[in-house]
Amino acid sequence: MAEEKETKTFNELYASLEEVINKLEAGNLELEQSLNEYSKGVKIVAELQSKLDASEVMIKELAGEIDKDTDSGSSTISHS
């Protein structure tokens, strides 16, 4: 059975990462559980980084549109 990947928001992912960190910092997990939580945390960090990278690209694109509009004398910004 194929597992559907649920898309979480940045804040949801961040909260999940905090839960993982809290479990690891508590220090009451068995080695295998700790490794599983650590692995889960690494995956969450990768997802968070991906979302940050995508946001950075979007911001740069929007800033480019603003610069292009101000250079051409236009006072409106295209919202696409």
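The values are calculated or read from the model by the stated rules, or taken from the named source; none is laboratory data. Remember, it's a predicted structure, so these values are computed and weren't measured experimentally. Cβ: placed from backbone, ideal geometry, glycine included. Neighbour counts: every protein chain shown.
With the condition kept exactly as written, say whether any residue in region 64-74 is surrounded by 10 or more Cβ atoms within 10 Å (Cβ to Cβ), part of a helix (DSSP H, G or I) and in contact (Cβ under 8 Å) with a residue 12 or more places away in the chain.
Yes: one or more hits.
Restricting to region 7-42, name every residue that is among the acidic types (Asp, Glu) and more than 19 Å from Ser55 (Cα to Cα). Spell out how you get there, then give the answer.
Just the residues of region 7-42 that are among the acidic types (Asp, Glu), to begin with: 12, 18-19, 25, 30, 32, 37.
Once the filter is applied, which keeps residues that are among the acidic types (Asp, Glu) and more than 19 Å from Ser55 (Cα to Cα), region 7-42 yields Glu18, Glu19, Glu25, Glu30, Glu32, Glu37.
Here's the yes/no breakdown for (1) surrounded by 12 or more Cβ atoms within 10 Å (Cβ to Cβ); (2) under 8 Å from the mean Cα position of the chain (by Cα); (3) at pLDDT 95 or above:
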| residue | (1), (2), (3) |
| --- | --- |
| Glu4 | no, no, no |
| Phe10 | yes, yes, yes |
| Glu19 | yes, no, yes |
| Glu32 | no, no, yes |
| Tyr38 | yes, no, yes |
| Lys51 | yes, yes, yes |
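Report, by residue number, each residue of region 2-57 that is of a type in the set (Lys, Arg) and outside any helix (DSSP H, G or I). Before the answer, list the steps.
First pass over region 2-57, keeping only residues of a type in the set (Lys, Arg): 5, 8, 23, 40, 43, 51.
Residues satisfying the conditions are Lys5, Lys8.
Cβ-Cβ under 6 Å, sequence separation 6+ or interchain: first residue in region 31-44 and under 16 Å from Thr7 (Cα atoms) and aliphatic (A, V, I, L, M), partner modelled with pLDDT of 95 or more and surrounded by 11 or more Cβ atoms within 10 Å (Cβ to Cβ). Which pairs?
Taking only residues 6 or more apart or on different chains, the pairs are Ile44/Leu13; Ile44/Ser16; Ile44/Leu17.
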